[in-house]
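Trainee: Quick one: structure below, then a few questions.
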Amino acid sequence: SKHFSMKAIMLIIPVLNKIEAKETLKNDDFYNLSLATFFSGNSISMTETALCHSMSYPITIKYKLSHGLSVGFLLPAVMDFNKTKFNSEFAPILSSFEFSHIDDFIILLASLFKNCGGLELVLNKIDTFENLIKLTPYMDNPSRSKNNIRSVTQSDIKNIISNSQKLYNNV
């Protein structure tokens, strides 16, 4: 599963960088996005989803926001929450982007999501981050959040949402 996840990340980030830079995507870019989707799907089929998905379901339902946007929106803050559990297996991704620390990768993800227009799409639906905090009781889906690499409480989920706002304000 980790192998498939790493391959997907390595394929998708360069394409997102092109989108952010407003470059025209080529056939190879679309191929890489498709391949990344394939690898991600394989990874998820082996491990199931975890905290990002658990937290995203109420957002998707309440605000009729696409599941992918909800997950992408939450990903940087959930990664930040989990970063103490990342180990050397994540090092190849960091080094391939010439990052020395996971925080640099988290900032990259938040920046890409914001600069590619994802944050604007989310904020147009939810209005404020405080609206998301009201959904906290519904964001801990035990069948999903139990798969997270770190245990999570409702207080943690509130902190993740608050941290999400800080991350996006700082990029």
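The values are calculated or read from the model by the stated rules, or taken from the named source; none is laboratory data. All values derive from a computational prediction rather than experimental measurement. Heads up, the Cβs are rebuilt from the backbone with ideal geometry, glycines too, and the neighbour counts pull from every protein chain shown. Just the protein is used for accessible areas: all its heavy atoms, side chains included, with ligands, DNA and RNA removed. Shrake-Rupley method; radii C 1.70, N 1.55, O 1.52, S 1.80 Å.
Trainee: Along the positive direction of the dipole of the chain (beta-carbon charges: Lys, Arg +1; Asp, Glu -1; about the Cα centre), which of LEU135, LEU11, ASN170 reaches farthest?
Mentor: Of the candidates, LEU135 comes out farthest on the positive side.
Trainee: Given (1) 18.4; (2) 16.5; (3) 16.1, which label gives Kirkwood radius over Cα pairs in Å as computed from the coordinates?
Mentor: Step by step, Kirkwood radius over Cα pairs in Å for this structure corresponds to label (2).
Trainee: With loop defined by DSSP as not H, G, I, E or B, and exposure as at most 16 other Cβ atoms within 10 Å, which is the longest segment of the chain clear of exposed trypsin sites (Lys or Arg not before Pro)?
Mentor: 65-133
Trainee: If TYR57, TYR31, TYR63 are ordered by their accessible area, calculated over protein heavy atoms with a 1.4 Å probe, which sequence runs from highest to lowest?
Mentor: So the residues, ranked largest to smallest area, are TYR31, TYR57, TYR63.
Trainee: Cross-link partners among lysines for LYS83, C-alpha distance below 18 Å, same-chain residues fewer than 8 apart left out?
Mentor: The qualifying lysines are LYS2, LYS146, LYS158, LYS166.
Trainee: Can you give the longest stretch of the chain with no exposed loop site, where a site means GluC sites (Glu not before Pro) in a DSSP loop (not H, G, I, E or B) with at most 11 other C-beta atoms within 10 Å?
Mentor: 24-97
Trainee: Carbon and sulfur atoms: what percent of the 1.4 Å accessible area of the chain do they account for?
Mentor: Solvent-exposed carbon and sulfur of the chain make up 56 percent of the total.
Trainee: So, one more: Quick one: accessible area per residue over the chain, 1.4 Å probe, rounded to a whole number of Å²?
Mentor: That works out to 55 Å² per residue.
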